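Engineer: Take this structure first; my questions come after.
Laboratory data are not the source of any read-out in this text; all were calculated from the coordinates shown. These figures come from a predicted structure and were not determined experimentally. Here the Cβ is made from the backbone with ideal geometry for all residues, glycine too, and neighbour counts use every protein chain on show.
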Amino acid sequence: VSTPVLTIRHATGTCPVHIQAGLLETLPDLARAFLPGRRLVVIADHQVAAVVPTRLDAPVLTFPAGERSKSRETWARLTDELLTLGLGRDGALVALGGGVTGDLAGFVAATFLRGIPYLQVPTSLLAMLDASIGGKTGLDVPAGKNLVGAFHQPAAVLMDLRVLRTLPDAELRTGLAEAVKHAVIADAEHFAWLRSRTSRLLARDEATLEMLLLRSVAIKAEVVAADERETGRRAVLNAGHTVAHALEAATNFGLRHGEAVAIGLVLEARLGEQLGHTAAGTSAAIADLLTQCGLPVTMPRGVSRADVVAAMATDKKNRSGVLHFSLPARIGAITAPWTVPVTAQAVAAIL
Ligand SMILES: NC(=O)c1ccc[n+]([C@@H]2O[C@H](COP(=O)([O-])OP(=O)(O)OC[C@H]3O[C@@H](n4cnc5c(N)ncnc54)[C@H](O)[C@@H]3O)[C@@H](O)[C@H]2O)c1
Ligand SMILES: [Zn+2]
């Protein structure tokens, strides 16, 4: 096994992150190295199972692609299928797919027999640069996004840039939304780099994509290592997400997660500007870059503002019923105390 590009230290151990074109050709060897002696089961959505070969001699459990599968129903079915297979405490899972698969299979791993190890093998850009890192797993429930879940760190995260060749364009763009988020919360230089590299990224230039992954993963890993269980600073990774999660719920997942994040980043920066918390011009700069990436930056037509505000009532950052947002001070900086209280009226004004 080659050296990881990065190793994340967490409460119960370390998680190596490998990024390399062609890595999945050696997945059987990597799985043996990271999960020695374990019986493996792969979990993937139908689409990924059809286009990404694993070369593993292991059963593959599948489910329909899309956010609606990140549900208790799919969790229950997959868990029952593992029990039918007779998987025991010596078992382990391989989460092969986008962020939906990583969150769902990760939560199956967190809860199966009170927890078995798993590998994150992200195949979407969004999952590579964000969702596969940090050990958050979970499900959506009727009351909202990600409201049931667990922290469960993977044994390793394995990224093969070549699998991005089959990723649909719209899904490549949603990955860029989370990359812009990382730049906004932590790195103004990276923001400028993204502006100058957008066309190369959209053209899937492998070397440029690799540079993007290295920077994004490093930013996320640094935040996670500082605050694994989100008692404070990790909330900055939620920039744009208070609005995004509410939009996803209010549209019944009519938007992709990354599209909702793009809109959320712009509207939340505008909120920050109106509150005097965020430097003037920040939301316009974010909107420019996201538009260049082919992402939406305004409220979609036909969405009820009241529904969006109502959906925020279940946001995990709320404290004593008061909404809290993680708002940038300027491009590249969110500062302590990491989240600020905001009234529902102020939120309604930016929607
Ligand atoms: N746990 C975390 O920290 C974290 C962070 C960010 C996002 N998320 C979650 O991630 C989810 C979004 O992830 P996503 O955008 O990857 O969605 P996704 O998993 O639904 O994948 C998007 C689509 O791309 C397809 N796909 C993936 N890889 C492919 C490939 N290589 N070739 C062809 N098709 C491929 C999938 O089948 C799916 O249709 C949301 O549920 C979000 O809440 C979690
Ligand atoms: Zn996200």
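Engineer: So if I check each of 179, 186, 203, which one is over 24 Å from residue 283 (Cα atoms), small (Gly, Ala, Ser) and out of contact with any Gly (no Cβ under 6 Å at 6 or more places or on another chain)?
Structural biologist: Sole residue among the options that is over 24 Å from residue 283 (Cα atoms), small (Gly, Ala, Ser) and out of contact with any Gly (no Cβ under 6 Å at 6 or more places or on another chain): 203.
Engineer: Could you say whether any residue in the range 35-51 is assigned to a loop (DSSP other than H, G, I, E, B), within 16 Å of ligand 2 (Cβ to nearest atom) and on the phi < 0 side of the Ramachandran plot?
Structural biologist: no
Engineer: Just a yes or no: is a residue in the range 287-301 among the small types (Gly, Ala, Ser), within 20 Å of residue 185 (Cα to Cα) and in contact (Cβ under 8 Å) with a residue 12 or more places away in the chain?
Structural biologist: yes
Per-residue answers, yes or no, for (1) in contact with a Phe, Trp or Tyr (Cβ under 6 Å, 6 or more places away or on another chain); (2) of a type in the set (Ser, Thr, Tyr); (3) within 11 Å of ligand 1 (Cβ to nearest atom):
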residue: 156; (1), (2), (3): yes, no, no
residue: 167; (1), (2), (3): no, no, yes
residue: 174; (1), (2), (3): no, yes, yes
residue: 177; (1), (2), (3): no, no, yes
residue: 186; (1), (2), (3): no, no, no
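Engineer: Answer yes or no: is there a residue in the range 137-148 that is closer than 25 Å to residue 291 by Cα and near ligand 1 (Cβ under 7 Å from one of its atoms).
Structural biologist: The answer is no; no qualifying residue exists.
Engineer: Note down all Cβ pairs under 6 Å where the first residue falls in the range 329-342 and is closer than 17 Å to residue 231 by Cβ, the second is crowded, with 21+ Cβ neighbours inside 10 Å and among the β-branched types (Val, Ile, Thr), and they're at least six residues apart or on different chains.
Structural biologist: What qualifies is 334/185; 334/236; 338/236.
Engineer: Kindly provide the set of residues from the range 323-345 that are under 28 Å from residue 254 (Cβ atoms) and aliphatic (A, V, I, L, M), ordered by number.
Structural biologist: 323, 327, 342, 344
Engineer: While we're on this one: Being within 11 Å of ligand 1 (Cβ to nearest atom), closer than 20 Å to residue 323 by Cα and of a type outside the set (A, V, I, L, M, F, W, C) is the filter here, so list the residues in the range 241-259 that pass it.
Structural biologist: Once the filter is applied, which keeps residues that are within 11 Å of ligand 1 (Cβ to nearest atom), closer than 20 Å to residue 323 by Cα and of a type outside the set (A, V, I, L, M, F, W, C), the range 241-259 yields 241, 245, 248.
Engineer: I've got another one for you. Run down 265, 247 and say which single residue is closer than 21 Å to residue 310 by Cβ, touching a residue at least 60 places away in the same chain (Cβ under 8 Å), buried (at least 19 other Cβ atoms within 10 Å of the Cβ) and out of contact with any Cys (no Cβ under 9 Å at 6 or more places or on another chain).
Structural biologist: The match here is 247.
Engineer: In the range 236-259, how many residues are assigned to a loop (DSSP other than H, G, I, E, B) and either more than 12 Å from ligand 2 (Cβ to nearest atom) or more than 13 Å from residue 181 (Cβ to Cβ) (or both)?
Structural biologist: 6
Engineer: Out of the residues in the range 108-147 that are over 16 Å from residue 217 (Cβ atoms) and within 16 Å of ligand 2 (Cβ to nearest atom), which is surrounded by the most Cβ atoms within 10 Å (Cβ to Cβ)?
Structural biologist: 137
Engineer: Residue 107 - would you say it is in contact with a helix residue (DSSP H, G or I) (Cβ under 7 Å, 6 or more places away or on another chain), within 11 Å of ligand 1 (Cβ to nearest atom) and among the aromatic types (Phe, Trp, Tyr)?
Structural biologist: So residue 107 fits the description; yes.
Engineer: On to the next question. Scan the range 52-78 for residues that are part of a helix (DSSP H, G or I) and within 16 Å of ligand 2 (Cβ to nearest atom) and jot them down.
Structural biologist: Just the residues of the range 52-78 that are part of a helix (DSSP H, G or I), to begin with: 67-69, 72-78.
Residue satisfying the conditions is 67 alone.
Engineer: If I filter the range 85-101 down to residues being under 18 Å from residue 168 (Cβ atoms) and of a type outside the set (S, T, N, Q), which single residue comes out as surrounded by the most Cβ atoms within 10 Å (Cβ to Cβ)?
Structural biologist: Top of the filtered list is 97.
Engineer: Another question, if that's okay. Note down all Cβ pairs under 9 Å where the first residue falls in the range 15-29 and is under 21 Å from residue 153 (Cα atoms), the second is crowded, with 18+ Cβ neighbours inside 10 Å and aromatic (Phe, Trp, Tyr), and they're at least six residues apart or on different chains.
Structural biologist: Taking only residues 6 or more apart or on different chains, the pairs are 16/34.
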